[in-house]
Structures are given as C-alpha cells and as structure tokens.
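Scroll down for the structure; my scribbles are underneath it.
The values are calculated or read from the model by the stated rules, or taken from the named source; none is laboratory data. As the structure is a computational prediction, the values presented were derived from the model and not from experiment. FYI the Cβ positions are ideal-geometry reconstructions off the backbone, even for glycines, and counts take in every protein chain you see. Areas reflect the complete protein model, heavy atoms only, side chains present, ligands, DNA and RNA absent. Shrake-Rupley method; radii C 1.70, N 1.55, O 1.52, S 1.80 Å.
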Amino acid sequence: MAVKPRRFSRMTSSVCLAVVVFMMVACSGGYYTATVNGGKKVYRVDEQGAKTLVYETDQDGNTIIHDADDPRAQQQAAAQGIGEPLSAKRADRLEQLSRALKRQPNDPIYVSLAQPVLDTQMEKAERSKGVVAEQIRSEFEADPIIKLIEENRSRSGLLKPHVPASPDVEVLPKVSLKEAYGVDRKTGKPSKVLAVVFEATITTQVPPATYNVSESGHVLKNLEVSKRFAKQVRQVILEKIGPNIPAH
C-alpha cells in the first residue's frame, strides 16, 4: 500500500521512533454497535479505542449480556426483563460447550475480518479506497488454519461448503496516523515523525474472550508495520483462542 507522507515527505529513514507516541485526536469513549448475521453486538469503547463486548442480540431478538455491570447492558436487561435467569441459562450453555469436543490443531478457524476503521488523516492519506483493508486481509489469505469468512457469502447464490453460519473469531481493526517524537540518528536531536498505528479488538464467543493488539511504526514503513500487526493477530487466534474452540 502506498501512503502519501504529506508534509513529512522530507523526513529520511534515518529518523527512528521513540517509545512515547503523542495522540493528535483525543477519544472520549462511548459505545459501538456492529451488525452481525442479522443481529447486533454492542461494544464499549474506552479512551484508547479498545472495544469490550457489552451485550449482543440475535436476529430473533434474544439478548445475551456479557458485562452485567455495564449501564448500557443493565438498560437492555431491564427493557427485556432479563437478568439472573439469562445468566444461569448462559452459564449452563457455556458448561455444555466446555464439555464439547475441542478442535484439533490442524482444524480451520473461521474468522470474520471487519473493514478497518480509519481516522480522518488515514482516510486522506489512502490513495485508493479499500487499499488499507486489502493490505490487512492479504496477510491472512494464505494462512493454512485461519479461514476468512466473506462478508457477502451468498453473492454466488450458494454458501461455501463446510463454512459455519457464525465465525469462531471476530477481528475489528483500526488504522490511524499520529505524530510521534523520534531521535535523529545523525544529530541526536528530537524530531517529529508521522507514525502509522494498527490496532485490533479480537473477540470470541465460545469461550467468551476479548484481546487487544496494536503495532506502530514510521509511516514510510507501513508495509512492515502491517505485517508485524498481522503476526500479533495471528498469534492470538492460533495460540490463545484456537486451542479452546469447540470442534465444528
């Protein structure tokens, strides 16, 4: 992916990143709603942009509370008259799933990779719409275990064989451009550079878990940064989530 370096084009590769990255845009947090398979999932977003699944509602209107202490989850529970019975039902379901056969090491893991959320600067720097998303996606397409689920699997008229109705893992990426302070190797003096930051929230429902990863680097080395980012995502899926997924 080619990214326009804008006013930092005069910077040379002799500038290295410092540890501290200064955010240009402050996040106030809030909630994020994603539509998945006809239902919806509501995430709480903190000031760093990390998402935590609060509750989900399927296409039949059934609600599962994931964070009973969250105000938005409590409102949803009160609106639908759910509470302890639902928690007990979910606990029983998870217990049954825990006794189910686990997937084998070489079995596929079906992953839903969402379109990345780009900040304003990244949107301007992206020369062709969709290039960033394709760059991230390409890092996983050749993986022998991770199988990406198409967003529109019915476009050919038929579902692909052996593909589950819902993914094992969901990945919500975010890409942004931020100013950072580095040290010029020649002069030894502090200097500003433009950094590209890749972030992702990785969630699985069975068993329920959420992981956050991030990777950053000089904007002119965005391809290398995206590869390191994809490696982190891959490690979470294969090493932390994969061993606990039930067999299909």
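Applying a threshold of 7 Å to beta carbon distances and a minimum spacing of six or more residues, or different chains, the list of pairs starting in the stretch 177-190 at a residue that is under 20 Å from ASN222 (Cβ atoms) and modelled with pLDDT of 70 or more and ending at one that is surrounded by 15 or more Cβ atoms within 10 Å (Cβ to Cβ) and of a type in the set (Asp, Glu) reads LEU177/ASP119. The stretch 163-248 holds strands (runs of 3 or more DSSP E) entirely within its bounds, and those carrying 3 or more residues that are among the polar types (S, T, N, Q) and within 27 Å of THR57 (Cα to Cα) map to 190-205.
Residues that are open to solvent by 80 Å² or more (accessible area, probe 1.4 Å) and modelled with pLDDT of 50 or more do not occur anywhere in the stretch 4-16. When you check GLN96 against the structure, is it farther than 30 Å from GLU179 by Cα, open to solvent by 50 Å² or more (accessible area, probe 1.4 Å), modelled with pLDDT under 90 and in a loop (DSSP other than H, G, I, E, B), yes or no? No: the conditions fail for GLN96. Listed conditions (1) over 30 Å from ARG103 (Cβ atoms); (2) open to solvent by 60 Å² or more (accessible area, probe 1.4 Å); (3) modelled with pLDDT under 90 are all met by ALA165, apart from (1).
Is it the case that the stretch 38-47 has a residue that's at pLDDT 85 or above, closer than 20 Å to LYS178 by Cβ and surrounded by 11 or more Cβ atoms within 10 Å (Cβ to Cβ)? Checking the stretch 38-47: at least one residue is at pLDDT 85 or above, closer than 20 Å to LYS178 by Cβ and surrounded by 11 or more Cβ atoms within 10 Å (Cβ to Cβ). Which of the residues spanning the stretch 204-232 are open to solvent by less than 40 Å² (accessible area, probe 1.4 Å) and out of contact with any Phe, Trp or Tyr (no Cβ under 8 Å at 6 or more places or on another chain)? Result: THR204, VAL206, ALA209, GLY217, HIS218, ASN222. Checking GLU123 against (1) among the charged types (D, E, K, R); (2) crowded, with 16+ Cβ neighbours inside 10 Å; (3) assigned to a helix (DSSP H, G or I): exactly one of these is not met. Which one? Here GLU123 meets the rest and fails (2).
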